[in-house]
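Presented below is the structure to which this report refers.
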Amino acid sequence: MKKSTMVAAALCTLWLGLTAVAWLSPSKTHSDTERRELQQFPELSGESVLSGEFMEGFESFTLDQFPLRDNFRTLKALFHYNLLGQRDNNGIYLSQGHAAQLDYPLNGASLDHALQVIGRIYERYLQDSRVFLSIVPDKGYYLAEPEGYPAMDYGALFEKMQKGMPYASYVNLTDCLTASDYYKTDTHWRQEKLIPAAQRLCDAMGAPGPMQQELRPVAAQRPFYGVYYGQAALPLEPDTLYTMESNLLSQCRVYNYETGSYGSVYDLSKLEGKDMYEVFLSGSVSLLTIENPQATTERELIIFRDSFGSSLAPLLVQGYKSVTLVDVRYISSQMLDRFLDFHGQDVLFLYSTLVLNNAFMLK
């Protein structure tokens with residue numbers, strides 16, 4: 001009886017302590033591990049109470065502001081992995097020291113949509129351009145099947161995109177990459193590992209490749225916790241983010257059409273922000289142009305891309321007067337001629353399998 005009383009008292013003390021911390025601690029506005037804004041205390045009014053909005057908001061508020069929330073999320077994930085034998089947590093699995101996302105099955109309707117958008121772009125703007133297609137495999141291409149995890153039919157994806165774009169020359173990158181060329185805690189590939197892929201693309205387009213002897217990796221001053229770190233809620237080791245720097249890249253100017261201003265290839269302010277990967281060309285920008293002051297040619301390159309293109313594009317600058325990056329997730333493809341003069345530039349469609357399999361965001 002005495003033992004049960006002590007257990008009950010301990011649980012009651014713990015509950016009261018957590019409750020006191022929850023109510024007395026200031027609310028957090030952002031979760032670094034989950035990379036999202038946290039719910040704040042909802043507006044209290046007669047209307048919000050009667051409509052049910054207050055209680056919905058209050059429930060989200062208590063969940064988001066719960067004391068030691070990240071610790072409990074990690075404890076839950078370890079319990080599911082180690083005791084229940086679950087092979088993923090929140091759709092994130094571990095393989096060869098990497099966290100990766102389950103992305104299956106292949107979404108044929110999504111590929112059809114991507115081909116429709118790309119086809120409209122080609123018909124409207126690119127009739128006199130040399131067009132290339134390259135697909136970035138997500139790291140599940142290298143990690144899923146060897147470990148027995150379900151994976152999309154990558155071969156079918158590659159084949160359908162090639163057949164749907166007969167006007168484009170296909171550049172295969174799968175044999176230029178391995179799982180180690182991707183961040184362990186993030187979706188993206190590592191820029192310092194992309195020289196072979198960049199060289200493959202430059203060779204296909206007949207342009208000089210990156211000058212390896214001049215490029216030098218520079219490490220960020222703080223560890224990089226990728227998007228999968230928070231989603232997995234597991235105690236993973238962070239990555240180190242490197243940028244590839246050179247005299248050429250330090251002289252390049254980047255025009256941002258959204259802000260109407262010039263910047264640098266690497267936006268170093270992003271290294272102190274929520275997503276350090278945004279150091280590459282300032283992250284999610286709909287339209288920008290890298291200008292090469294050392295160009296010995298008048299050739300220009302346009303890349304229709306997703307976020308993987310941000311870290312690759314600087315390695316393609318050597319052979320072009322300018323490299324323009326277009327992200328039609330954030331700008332309608334029908335508006336492009338308001339900003340760009342299409343006049344026979346080289347054009348590269350560079351999309352990851354993650355975006356192609358979820359392509360309804362393309363406009």
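Residues of segment 110-133 that are polar (S, T, N, Q) and in contact (Cβ under 8 Å) with a residue 60 or more places away in the chain: 110, 129. For segment 254-311, a residue qualifies if it is touching a helix residue (DSSP H, G or I) at 6+ places or on another chain (Cβ under 6 Å), of a type outside the set (Val, Ile, Thr) and under 23 Å from residue 177 (Cα atoms), and the qualifying residues are 278, 280, 281, 306, 311. Any residue at all in segment 252-260 that's among the aliphatic types (A, V, I, L, M) and either under 22 Å from residue 339 (Cβ atoms) or out of contact with any Phe, Trp or Tyr (no Cβ under 7 Å at 6 or more places or on another chain) (or both)? There is at least one residue in segment 252-260 that is among the aliphatic types (A, V, I, L, M) and either under 22 Å from residue 339 (Cβ atoms) or out of contact with any Phe, Trp or Tyr (no Cβ under 7 Å at 6 or more places or on another chain) (or both). From the list 169, 129, the lone residue that is of a type outside the set (A, V, I, L, M, F, W, C) and under 18 Å from residue 200 (Cβ atoms) is 169.
Taken over segment 216-254, the residue count meeting the criterion of being part of a loop (DSSP other than H, G, I, E, B) and farther than 25 Å from residue 138 by Cβ is 4. Identify the single condition in (1) under 25 Å from residue 198 (Cβ atoms); (2) open to solvent by less than 30 Å² (accessible area, probe 1.4 Å) that residue 122 does not satisfy, given that it satisfies every other one. Tallying (1) under 25 Å from residue 198 (Cβ atoms); (2) open to solvent by less than 30 Å² (accessible area, probe 1.4 Å), residue 122 fails exactly one: (2). Just one of the listed residues (217, 208, 223) is open to solvent by 50 Å² or more (accessible area, probe 1.4 Å) and more than 24 Å from the chain's Cα centre (by Cα), and it is 208.
Of everything in segment 320-344 that is touching an Asp or Glu at 6+ places or on another chain (Cβ under 7 Å) and open to solvent by less than 10 Å² (accessible area, probe 1.4 Å), the residue that is farthest from residue 112 (Cα to Cα) is 320. Selection over segment 249-288 of residues that are of a type in the set (Phe, Trp, Tyr) and open to solvent by 50 Å² or more (accessible area, probe 1.4 Å) gives a count of 3.
Mind checking which residues of segment 273-296 are of a type outside the set (A, V, I, L, M, F, W, C) and without any contact (Cβ under 8 Å) to a residue 40 or more places away in the chain?
At the first step, the residues of segment 273-296 found to be of a type outside the set (A, V, I, L, M, F, W, C) are 273-275, 277-278, 282-284, 286, 289, 291-294, 296.
Scanning segment 273-296 gives 273, 278, 282, 283, 289, 291, 296.
The C-beta contact set for segment 332-354 (first residue free of Cβ contacts under 8 Å to residues at least 40 places away in the same chain, second residue in a loop (DSSP other than H, G, I, E, B), distance under 7 angstrom, 6+ apart or interchain) comprises 332/363.
The residues of segment 268-294 that are under 20 Å from residue 230 (Cα atoms), of a type in the set (Asp, Glu) and not in a loop (DSSP other than H, G, I, E, B), listed by number, are 272, 278. Among the residues of segment 134-162, those identified as open to solvent by 10 Å² or more (accessible area, probe 1.4 Å), of a type outside the set (A, V, I, L, M), touching a residue at least 12 places away in the same chain (Cβ under 8 Å) and not in a loop (DSSP other than H, G, I, E, B) are 141, 142, 146, 147, 154, 158, 160, 162.
For segment 203-243, a tally of residues being under 20 Å from residue 274 (Cα atoms), touching a helix residue (DSSP H, G or I) at 6+ places or on another chain (Cβ under 8 Å) and modelled with pLDDT under 85 returns 5.
The set of residues in segment 332-352 being of a type in the set (S, T, N, Q), assigned to a loop (DSSP other than H, G, I, E, B) and out of contact with any Leu (no Cβ under 7 Å at 6 or more places or on another chain) consists of 332 alone.
Checking residue 303 against (1) at pLDDT 95 or above; (2) assigned to a helix (DSSP H, G or I), only one condition comes out false. Which one? Going through (1) at pLDDT 95 or above; (2) assigned to a helix (DSSP H, G or I) one by one, residue 303 breaks only (2). Screening the candidates 349, 308 for the property of being of a type in the set (Phe, Trp, Tyr), within 22 Å of the chain's Cα centre (by Cα), over 19 Å from residue 164 (Cβ atoms) and surrounded by 18 or more Cβ atoms within 10 Å (Cβ to Cβ) yields one hit, 308.
Closer than 23 Å to residue 346 by Cα, within 20 Å of the chain's Cα centre (by Cα) and assigned to a helix (DSSP H, G or I), is that true of residue 197? The answer is yes for residue 197.
The values are calculated or read from the model by the stated rules, or taken from the named source; none is laboratory data. Every value quoted in this text rests on a predicted model; they were computed, and no experiment measured them. Here the Cβ is made from the backbone with ideal geometry for all residues, glycine too, and neighbour counts use every protein chain on show. Surface areas here come from the heavy atoms of the whole protein model, side chains and all, with no ligands, DNA or RNA. Shrake-Rupley method; radii C 1.70, N 1.55, O 1.52, S 1.80 Å.
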